[in-house]
Every structure is written in C-alpha cells, then in structure tokens.
1. Need one number: the % of Cα-Cα pairs in segment A:477-520 sitting beyond the 18 Å mark.
2. Taking the alpha-carbon distance from residue A:627 and a cut-off under 21 Å, which lysines remain once sequence neighbours fewer than 8 residues away in the same chain are dropped?
3. With a 1.4 Å probe and every protein chain left in place, work out the accessible area per residue of the protein assembly as shown in Å², rounded to a whole number.
4. Say the dipole of chain A comes from +1 at the beta carbon of Lys and Arg and -1 at that of Asp and Glu; which of A:615, A:191, A:36 then lies farthest toward its positive end?
5. Take segment A:583-671, compute every pairwise Cα distance, and split them into 5 Å bins from 0; I just need the percent in each bin.
6. Considering only DSSP states other than H, G, I, E and B, which trypsin sites (Lys or Arg not before Pro) in segment A:502-589 qualify as loop sites with at most 13 other Cβ atoms within 10 Å?
7. Going 7 Å from Cα along the Cα-Cβ axis for the label, what nanometre distances separate residue B:507 from the same residue across the other copies?
8. Checking buried surface per residue: for segment A:13-31, which residues lose a minimum of 50 Å² accessible area in the protein assembly relative to the chain alone (1.4 Å probe)?
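The values are calculated or read from the model by the stated rules, or taken from the named source; none is laboratory data. In this text the structure is predicted, and so the values were computed from the model without any measurement. Cβ sites come from the backbone with ideal geometry, for glycine too, and all protein chains shown count toward neighbours. Please note that ligands, DNA and RNA were not included when accessible areas were found on the heavy atoms of the full protein model with its side chains. Shrake-Rupley method; radii C 1.70, N 1.55, O 1.52, S 1.80 Å.
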2 protein chains.
Amino acid sequence: MTQTYQVIGTRPIRHDGVDKVTGRALYGADFNVTGLLHGRILRSPHAHAKIKKIDVTKALAVPGVEAIVTSADLPDPGDRMADLGEGAVKLRDLSGNCLARGKAFYKGQAVAAVAAINAHIAEEACKLIVVEYELLPCVTDVVKAMQPGAPILHDDLVTESMAGPAEKKPTNIAKHLQYKLGDVAKGFAEASVVIERTFNTATVHQGYIEPHNASALWNADGTLTIWCSTQGSFTVRAQVAALLQMPVSRIKVVPMEIGGGFGGKIRVYLEPVAAILSKKSGKPVKVLMDRASVFEATGPTPGSHIRVKVGADKSGKITAAEAYLAYEAGAFPGSPIWAGCVCIFSCYDIANLHIDGYDVCVNKPATSAYRAPGATNAAMAMETVIDEICEKLKLDPLEFRIKNASKEGSRRADGPAFPRIGGVETLQAAKNHPHYTAPLAQGVNAAYPRGRGVAAGFWFNIGLKSSVSANVNADGTVSLVEGSTDIGGTRTSVAMQLAETLGITAEAVKPMVADTDAVGYTDVTGGSRVTYATGWAAVEAAKDIQRQMIDKVATLWKMKPEELEYKTGGVVSRTDAAKRMTFQEIAAETHKHAGIIVGRGQVDPPWPGGAFAVNIVDVEVDPDTGKVNILRFTAVQDCGKAIHPSYVEGQIQGGSVQGIGWALNEEYVYNDKGVMANASFLDYRMPTSLDLPMIDAVIVEVPDPLHPYGVRGVGEVPIVPPCGAIANAIYQAVGVRMHELPMSPPRVCKAIAARESPPK
Amino acid sequence: MTQTYQVIGTRPIRHDGVDKVTGRALYGADFNVTGLLHGRILRSPHAHAKIKKIDVTKALAVPGVEAIVTSADLPDPGDRMADLGEGAVKLRDLSGNCLARGKAFYKGQAVAAVAAINAHIAEEACKLIVVEYELLPCVTDVVKAMQPGAPILHDDLVTESMAGPAEKKPTNIAKHLQYKLGDVAKGFAEASVVIERTFNTATVHQGYIEPHNASALWNADGTLTIWCSTQGSFTVRAQVAALLQMPVSRIKVVPMEIGGGFGGKIRVYLEPVAAILSKKSGKPVKVLMDRASVFEATGPTPGSHIRVKVGADKSGKITAAEAYLAYEAGAFPGSPIWAGCVCIFSCYDIANLHIDGYDVCVNKPATSAYRAPGATNAAMAMETVIDEICEKLKLDPLEFRIKNASKEGSRRADGPAFPRIGGVETLQAAKNHPHYTAPLAQGVNAAYPRGRGVAAGFWFNIGLKSSVSANVNADGTVSLVEGSTDIGGTRTSVAMQLAETLGITAEAVKPMVADTDAVGYTDVTGGSRVTYATGWAAVEAAKDIQRQMIDKVATLWKMKPEELEYKTGGVVSRTDAAKRMTFQEIAAETHKHAGIIVGRGQVDPPWPGGAFAVNIVDVEVDPDTGKVNILRFTAVQDCGKAIHPSYVEGQIQGGSVQGIGWALNEEYVYNDKGVMANASFLDYRMPTSLDLPMIDAVIVEVPDPLHPYGVRGVGEVPIVPPCGAIANAIYQAVGVRMHELPMSPPRVCKAIAARESPPK
C-alpha cells in the first residue's frame, strides 16, 4: 500500500489529553449530585456456601440507612439465556453475580447492599446484616474441579450423555469444545520430533487502576440513568435491561471516563445494585468498589491447565499438533476457552490438528475478558513447545516460525480461512530487527546468567456495530459524536479517519463520547475494534458529509451534483479544477444560507484479518533468588495501518508490560478455604516502570484489505507472546523449561534446583 | 384539512414532566462541580456615568478572592457588527453590556466581576472595588430622549443627513424605519370617520421565574465549556465566540433546563464574564443573578410612544392608516421597532398605509425580545382606535374586523403578501363563541361597573435552522436528540411529529436536548419556531429512518427497495399487503443482524404564514380604587395544526396572562436619577393565579400549507391582543379610553376623575 495520507500516520496531541493530565477528566467516582446516597456491598466471606437466611433488621434500623437490597429485590431471571456483549450467558448467573441468589460461589461474591447518607454508615450497616450460611467444600483448581468427587458448584450442570437423563451426572465442566483438522495420527507419524508438555497458569487480573463504580438514579417516571466507567455503555444498558426486566429505552447510560478496562469492564457488577438501591430509596446512589473487591469479585482471566503436543519433520515443517485446554470459568460458565482453542495454533499453518477445550467452574470469581482473552495461556504452551522443537532440530526459532506461518488462505483451527494477514511480515521484521542479532543486553549483575527468547502470538480482533454522527460547525470544524468509550486514545484515532476523509486536520475535529440516548447503538470497546469499526463509521459519516457538501455547492453554483466531486478538502468541478470551494468555505456558507450539514455513519463490518505479534526478549536470572530481570524487550506487531503511531506503540508497550507481569509475578494466591491471600496491589505484584526497560515497539503495516484505511486493530495481541518469549529466554539463561505461570522467583528457584539435582 | 392522525392532536404526558414536578430537573443554578468558584457582579449605581478608573487592589487582597475582571479583560470588539440571534448588533455594545467599557449607560450595568471561593466573599469583595465615576445627566423616556438638548448616550450615533458630515448631530435615535403603501391622503379623504390617538406604554419585563445564570470552565487546552439556562445554546456559543474572539468549535454550551425565557434569554450577560473569570482563575466559575439584577440589567421589552390615525368609510372599510412608533431601545440600539411596524396594521387589509418607526436609546437596560416583541404595544394602540371607530360607526367590532381582515394575498406593511393564514377564521370563531353573546360575567361586587372588550393581534413567527438525530433502539423506540432548548413542552411536540411519521407512539420516542457538540446546529428557541422547524426536522429524520428501514427489509426479503413502502408503522410490500414488518420488528432485527439505524433531519424552512389571535374579555372596575378585575377571558387563536393541544392551550393561557399583567399592572417605575424604584417581584406586580379567572383557550386550526403537518407556531401571538381588549372592556365599563399602559388603579382612577370633571 503506497497510498500517502495527510493525517493518518501523524501524531497529533490527543483531544482529551489536557483533561487527563490536568485532572479535569471526570471518572465514575467523581460523580456527584445533590442528595446522593452512598452504597456499599456486603460480600460472602466463604468460597462456597448456601445462604440460608439474610436478616437486615438491625442494619435497616441504623440512622442514615435508606435502603438495603438482596437478590430478592432483583427480578427472577428464570432460565433465560442472553448475549449481552461477552457471549451467551445465563441471566441467572449474571444476576447472581450481582447479588447472590441462594448460594455464594466464591469468596467476595455480593450478598447484600446498603445505601446510606454516607459511606461510613453504609459500611457499618453492612456489618449489621446477619447472613446465615451453610458452608460447602470448595474447589479452586481446574484439574481438581474436573476430578470425580470434586465439590459441585451448579446442580443443573450435568454431563452430556447419549444414555438419557438417568445417566447424567453433576459436573463442573460447563462446556467441551473440539476442533479437528486433517489426520493427527498420520501427522505425528510423519514427525521426526514430537514434544508434549503440560502447563499450568495462574489466575491473573487486568489490574486496571480505576476500581469499578456505578451511580444510578431511578426516576419517578420509571426511567433509570446510570453513570459508570465501562467499556460499553450500550452493553451496560442491555445487561441492566435484561436483569431488571425493563426495555432498553427506559435506561440511559452515561459513560464516565474509564481508568483502564482491558476486558474487565464489560460485565455489570454494581450497576444493577445501584439501580435497585435507587429505586428503593428514591434517591441517587453511588457505589464504589475497593481494591480487594476488585480482585475478589470482578472478572480476572482464568487459570488454566494445558497440554500441547507438536510434531515436526526434519525440514522443520509442523506435521501435527494436539492440544487439551481446561480453563477455569470461575463461579459461572464462561471462560474464554473458545478463544484459547482458536488461538493456540493459529500462528501456524498446520494440516493436522486436534483441540479439546473445557470450560470448568471453580470457586473463584467468574472470569471475564482480559486483552486477547485465553490466548496468552495458550501461546505460553505452544511457543515454549515450538522453542523446544527448534532446539531439537537445531533450527533458528524465527526461521522455523516463518516456514510454518499462517498466511492468506491458511485455515484457522475453527474453520475459516485467513484473508490477507501479516504473520510472515511480522516474523520477518523481528528477524531483521537489530535486537535479534545483537549481543545480549547488559544486566544488573555481570555474574547472572542471561538469555534471549522469542515467541509469536495471534489474536483475531472483531468487528461489530458502531455509530457516529458528525456535526459540521460554521468555523470549518466538525463535532464528532461517538458511542465508543475511549480507553486507548480512540477519540483521536477515530477523529483522524474522519479528518483524512474530509481533507481537514485532526485538530479540526472535536470528538466526544456520548451517552446511550445521544448516539446510535455502538458495541463494546473491546476486541481491538474501535479504531477499526468506529473509525470506519467515521469514514462513512465523512462520506455522508461529502455528498451533502456536493449537493449544497451544486445548488450554489447551479450545477448538477454529478459535475462535482469532493477532493483534497473541498468540492471541485470535475471539468474545471480551478472552480473549487473548500470544506471551511462550505461550512461557513451553509451556516449562513444553505442549511446545516450533519454526517452520520453506521457500520457492522466483517471481522478484520487478525493480528500477529512477535517478541524478542533478553533476560537475566538471579540464580540465588530466581528473580528474572527483563533487560531488553522488542515487540513487533502487524498493525494493519497505524492511524496514530504513538497510540499504537502505547498499546504494544502496555500489552507487553501486562504480559511481562503475567509471566513473572502476577497470580491469585488461594488458601485451602478458597480465600485469596493477596488481594491488594502490595501483594499482587504488578510490574512498575522501575521493573522494566523501555519496550521497543516495532510497527509492521500490512493493511487490512477490508477497511477503508487498512486498520486491523492493535490493542490485544501484544499481550499474547510475552510469557512464551520470557520462558524461552529463561531457558537460554539457566537451562530450565518453565511450565508454570507465573515464573516467579520461588518457581524459577525450584526449577533451577530441580535441574541441578534432578529427582531420582 | 381532513387528514386524521394517530399521535398529532393527542395529549400524551410530557417526557420531561416527572423531572419537572419532582424537582429532579437541573437548572443552571443547580450546576456544581469540584472546585467551583462563585462569581458576583459589581454594577453601576448610576444611570449615566463615565467610568474614570477602577481600582481592584483592595478587593483582590481579600482571602478567597481568585479573580477579578473588568472590560479590560475582554478583547476590544472594535466596530464589528454581528448577527448573533437577535438581529445585527455592534459587538462593542454586546461586550459593554456584559462589562461596561468606559461608560455606564444604565443603573445596574455590569462594571466588574469577582470570583471567590464562596458567594459571600465575592459579594464583600465587590464592595471593595473602587470605581471613580463622572456623573452625566440621564434620560429614561423615549419622547424626552428624542428632544433637542436631551442627554446623548452614544457619541457615535449621529443624525443621518444629506448635507454632509458637518451637519450631522449627535442623537439618541438609532434607526428610523418607514413603510408606505398606497396613498394615505387619498385614503383619509375617503373616510367618514378618522380617529387619531396617542399612546404611551411602560417598560415591562418578561418576569421569568428563573434568574440568569452561567457557569464556565476555561480548560487548560483553551477550550471553554459553558453551562447556562438559555433559549439558544448555539446562540450563546456564537455570541461568546464573537466576544472572546475564539472559534465556535472551541466552545461547548451545555443547556441546562430553563425556567422561562420569553425572549429574554437569548442575549448573553453572564456567560462571557464567567468565562473570563474561569480563564483568569483557572477554575470553574458559577455566576448567578439576583432578582433586582434581572430587572435592572437584563433585557425588558421597550416602553413606547405611539400615535395611530385610522380612517374608515361608512360601510366599515378601513381606507387609510398612519402610525408613528418610537420604541425605547434602552442603553444600546436594538428595540423591536421593526416588528412593531410590521405588526401594527397586519391584522387588516389596508390599501393606504404610512408607518414611521424610531429606535431610541435611553438610560435603561438594553431591551430584548419578549414574546411577539413590539407587537403588543402596537396592538394596544391600533385595537383601541379600531374600537373607537366601531363605536362611532355603530358596527359590531368583530364584524368590522372580519370585514377588514388580512387574508391570503393581502400585503403586509413591509411588503410580502400573506400565504394562507387564519385571521378570518379566528375572528369568526370568536364571534361564534358563546362568550361573545353571553351576559357579562359576574363580578366581585355587583355595584361595580362591568364591560366587555375585544381585540385582535398578529405575529409573524419565524423559520430558521434546526437539527435532530434519531437513534432507533432495539426495543422499538427512538432516542431523539434535539438542539432546541425546551421551554414550552417542545420535547414532546417534536417527538410527536417523529412518532406520527413513523407510526409509533409518542411514548416510544425519548427526546433529549443535547449540547452544542452533540447535535447539529440549531437556531434559538424563539419566534414560535421550535414545534414548526425542529418538528419539521424530526419529520425529515423519520423519513430518513423510513428509507433505511425499507433498504434493510429489502435486503432481508431479497426484494428491491422500490417494491416496498413505509406505511402505518412498518414496511410493507407494495404488491402484497400481507407481507409486512413492523417498525418494532425491524428495530429488533437490525440490532441483531442488519446494522444500526439512525435518522437525521436538518431544515432551514421558509417562515410560516403567521399567527392571529382574538380576545374577548369581561372586566369590572372598582370605581373607588380604579382596580380592574378580569372576570372572563376567552383567547381564540389560529394554531395551524395543534400538535399537542394541552401545550398549545398552555401557551395561549400563558401569553394571555402576561398580556393581562402588561395591561393592568406591570411597569418599570423610574425616579429622576434613572433608578428603577420597584426592582422586586413584590413591587413589580405580576398577576398570580388569584388575580385571574381560568383563561378559556380556543384553538382554531388553519394548517400552514408549508409545514408537513400544518404547524404554524403558537407561542407568541397570545400576548398581543390582551392590552387592547382590556382597554376596550374598561371603556365599556366606565366610559374612559385608556391611552397608557399599564392601566393600573391610579391611572384608571385618574381617567375616571377626568371623565367626571373634564378639564375646562
């Protein structure tokens, strides 16, 4: 693609930048209104328990308490299923996750909520609610949960059996997926090397800085307004409507600024609770989570148990691959097992495949999306096995990956053939990067062993629905109204596409994120879709403006619209290039005489081709403590077309850092009672800038052929390769193959010790 | 028009009703935000004075004071003219009206403003600002202001003269308009009765319940957000942009709910001041007016001096009419003299006309629009003269008016011919109304003399630009986004037109008033235009939705769009009426599969035909005090098509009541220093419900042929006839012709006394 752009590919200052750095931007917790009540949630102290009775008498008697709610205040959702932004869910599960209905499935699950005139009273009142529990044994490990005799979470989850109802047994396995391609046995028979390894990865959290929050006002006319930080205002609207059994149009969701989401702010937790507290009290209610609740009671990404078996022939061609993936759903069915299955082998064009995937309930919080959900666990397994094969075959690991890389026409594990993708180009760019052939980066201690690893990753990205409207102002600017909440600078990346199409500057576009009443339906900010789909909607809105401007100018010039075209920032005569009216002139003119111009864009585009990423990482390992230091980190990624390179680099860097945290430190540590032992940022150790080198982000541009500007989506795939790349680097440094995440100091120490004195 | 409607003409509950009656609706003064400063204005104590020096040193030193501004903080507007929603104005005047520049032209004019951490400190600091004035003589009466030797307000206002610059003399006359039609001398020669009378009317205020307010945040990136109660958010944006010399797109105006405007909330007063206080302090600033400031320093409607001469032949045909109108502009040029000239004779088809109109500066606040601005003063004069002619000719006053009434093709004084209008129908309806032939209504005291009067009135109504967008929701409803601030129930009257066009219910439309970033440009709420023009935009948006729905259904049914049509709430096959998909089904379907539907409507329609109103009023007069009681009041009005009859009746009743207040009590009382003596609701006596009978509103429907649903605009004309009708009723009761407004007890007493002992 040799097309040149005026705006796309430049790096204008983000439109919301000043508000963010000066503290003016309003986040959910900043919400305030006269008469606001403060809500607090009472949570289950037990990981698995029947709720026999809830007595709120004493709590209600506290002066200043205005309402207390339990699941009895939510409509009975029955057995209905609904797709509300994260795939099909049982409404009963979604409802019970907001306020437990008869049973608590994890420690921290919401049981009741209090609204009071201040937060202190609400907290005190929570303590006075008497809940009678009947304790049940719990299971917090995916493997144990699948074993016979494991504590069963849901009585209505039964094994699927052909033998009739009598043969069905309670189970924690909510779903079994299977994908087959070719003939695996034949494939393995053709292999000269076969490696099979088993992996366990811990539950990790998105770790967004801003805790969940929701404010609600249930008005006397039965309409409901919700203010919250969410990835999808329309998704919140749909979920709350389903849970409270009211039409979507009676709900308005006002998206506040969002302090990070990464997939974890799609499902509702507090919104329906704030709503019914407001309904019961007749006043606006704000509910905030503390950090411990965020860890214990929102949606982390699943711990997993994965077995991968890969065979390759002498030439380095993969002949067969087999995977068994069991993902912890947490309390309710719904792990990203499908995505894990789709992604685990998708970097490679493999003729013979067999994949089994299991979605397994355990007594942990219900898992949620987290940046390429399910793909990182899978890539950790596959990429370290690939590394071992390359070692065995004495092949360069990037050469091997290039040889086997998926390309246009390759089939994805779940069936569809890839369109034009940038997997090969990304691997090539990594191989050509100076880092790949440079000496190992210098470490903290020259005595520490060092090593280099590489790994690749795939994520499919999505399309879905987006709406924008674009109001042309008299001063030659455009007010752009979007439904996509802005997490990563998308106000600007969307505005730039409108600007490019109209031939105006990025600064001449004034983007805003509107509430659910003020803009057309727009799906969730997730799946790396906003710059792709909402950007596309902005292009459509710009074209709508172009058409209207041509019509207005045709009227002014007494010409036919067909005699005119929109070109480089204005309307020109097709026959006389000197006859021209700029965008700014038309904008001013229409405000005086010729009527107002508003563009609209609505899209529901096909999914893009998917994104590929490759990491090169240098590490050193402190052999005494097992601590791994990242010395140099290069993240290469196909971005389709990078609209705003700085924000693309930011996404690559952010995703890489989260992958590094997942690789080295982050994990939910549970005791045998199913209680998380490290529910704070002090004990749940995320990497800080002091732990990391600058991440070198390398943008590869293989434009997506579907999108008007070749956008492919960039937000998620950078988290996929880091765990595998770091594991491979650790192996190069200290000669141990890590099969567990995180590769924290104790685990690395233990592995080194096992290498030095292998078990007899 | 025999067309039947499903929604139009019904009386659904207004969408914002619950918010208004429960106190949830947020008005300007309700605005609050963290760190908000409170602004107060220091105002001139003198009606006319040079400002020699302003010393803010002491005020700035008060702890808690964060900024002080004077006109030095506003850009110098130079000599630029601008049309910013109320006709062309000198920017210097608009700027000086916000903060006096070198001279104060009226008592109460803003001179400086303080922002402080609370209102008390701001008030105290205002008192510490030392302003050195040089007092000038003042003139507050339009007749005196036009006399030679009168104090001159503006040195650059000079008489227009053909004799060259040397002959030009300073004047207070800002404008002289003249309209001529036919041959007046010939017309009067043909008359058998000629009546000539002179009238004086007082300055009156719109008396909206909510005082002016403005909050502003000047952000670090140079963008400005303003929250205020205004009739036109885009108008505020344009005015502030012009005054602060910044592009409109750097300003966002968020319209809060508005507690009445009636024309008085179009011009900015506090908005630019709040803005520069925020710029200087770096913090958000809220500025509120108290009631005295509202009276003294906003824009009332002009006092006037009017002479009318009308001649009629024996048959009762008006043969000629002459008018001289001098309207007080207040401190700066810009009275509604043009409208007074256009309206004074427009109820009647008169072949020979001569009208002179004068716009005259006096040392009072700059006048502003007030419900059919300028027309009530004029109608008071014309309608009482007509009454006198009818008396002389012994003709029924409604018969006389019907005989002379303007109709389609009649020429308005300023030139244009009327399209289809409802003047005759309105007069006929009044004549046929039971009130007209009923015995006089019973009074408070059977001994008081009673009388009945009638009068007619005309107002032209306007068109201008409106935008809406309409987002189709999955539940078969539409979120309607409007740019028109809602003063009189227009959320509902606009929503009903969308609903009618789509064949859905009014309740299925959820209207909202958006800020200036979120919706296309929309002109001011005024000129009775919103239900007309914004309603028309809603019809266009609905048609846009219809087109898209046809396209979507065509795709679903694999048919051509031409084979389908939108009919009675859904898309149907033109050939097979049973093949049908309802609006609700299409809405649900598009959210699942077929993409999102958003309709947009932008209009800039021609002005409608104009509105006519007739009043019948019974009064009694307390002969001892001169107090006039309204016993029965019937207001008949052509409404084109009444979209929501209740709100049309509300407009008729509200306008009538304001007219009654103007007729009987309201006036600015000035002392000889130019100080208003009654700047409070206690002393400025507006009628309350206890003063009034229920106003009987009679809707006549002569649909406007331009508008898709025949809307004509209803908000203003009801204020036009009351003063004349009441004057005529007083004459019937006590035999005195009132030539002054208000016809307050002292004036009526004086007139009765003069009748009883006429001057020798």
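1. Details: 227 of 946 pairs.
Everything past 18 Å amounts to 24 percent.
2. In chain and number order, the partners are A:750.
3. Roughly 35 Å² per residue, with all protein chains present.
4. A:36
5. 3, 9, 12, 12, 11, 10, 9, 8, 6, 5, 4, 4, 3, 2, 1, 0
6. A:558, A:574
7. When each copy's label point is compared with this one, the spacings are 5.2 nm.
8. Listed in order, they are A:18, A:24.
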